[in-house]
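**Q** Below you'll find the structure I mean.
Computed from the coordinates by the stated procedures, all read-outs in this text should not be read as laboratory data. In this text the structure is predicted, and so the values were computed from the model without any measurement. Cβ atoms come from the backbone with ideal geometry, glycine included; neighbour counts cover every protein chain shown.
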Amino acid sequence: MNSGNLIMDLTFQFSLDTVVFTEVLEEKRKYVLAKQLFKSGTSIGANVREAQSGESKNDFIHKLKISAKEAEETEYWLLLCKHSPLLPNPGKLLNDIGSIKRVIGKIISTSKNGK
């Protein structure tokens, strides 16, 4: 997807990659972890997209803060995968979530400061 909106594009691609990775987890019968990661990983982009239609600046910031929380949770699940010898390494997903967190943080900061 190339919407011309960096964070929407990043989070959409991240959601697609999360779907693929959670399928790998399910193949390994790690259903609970797959479900948790699927929910938090795809929620980031859903909330970013919802923020685009925010009713006010405060609503926009609030939705992005929810995305930031979901990104933190997602990073936790990915770190569990990375550090567990029983789980597949999330590789690129872990790098991507770091980038997404930075971009969301910058957007929130800029929006709060009115720039």
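**Q** Calculate the spin-label point distance for GLU73 paired with LYS39, positioning each point 7 Å from the Cα along the beta-carbon direction, and give it in nanometres.
**A** If labels sit at LYS39 and GLU73, their model points lie 0.6 nm apart.
**Q** Which entries of LYS35/LYS63; LYS30/LYS57; LYS63/LYS92 have Cα-Cα distances beyond 30 Å here? Intermediate results must be reported in sequence, preceding the final value.
**A** Values: LYS35/LYS63 22 Å; LYS30/LYS57 40 Å; LYS63/LYS92 25 Å.
Those over the limit are LYS30/LYS57.
**Q** Once both labels are modelled 7 Å past Cα along the beta-carbon direction, what's the LEU94-ASN2 spacing in nm?
**A** Using points 7 Å along Cα→Cβ, the separation is 3.1 nm.
**Q** Output the Kirkwood hydrodynamic radius of the stretch 6-112, Cα pairs only, in Å rounded to one decimal. If you can, show how the numbers build up before the last one.
**A** Details: mean 1/r = 0.0721 Å⁻¹.
By the Kirkwood definition, the hydrodynamic radius is 13.9 Å.
**Q** Determine the sum of side-chain charges near ASN5: Lys and Arg each +1, Asp and Glu each -1, restricted to other residues whose C-beta is under 15 angstrom from that of ASN5. Could the numbers behind the result be given before it?
**A** Working: positive: ARG49, LYS63, LYS106; negative: ASP9, GLU50.
Every neighbour counted, the sum reads +1.
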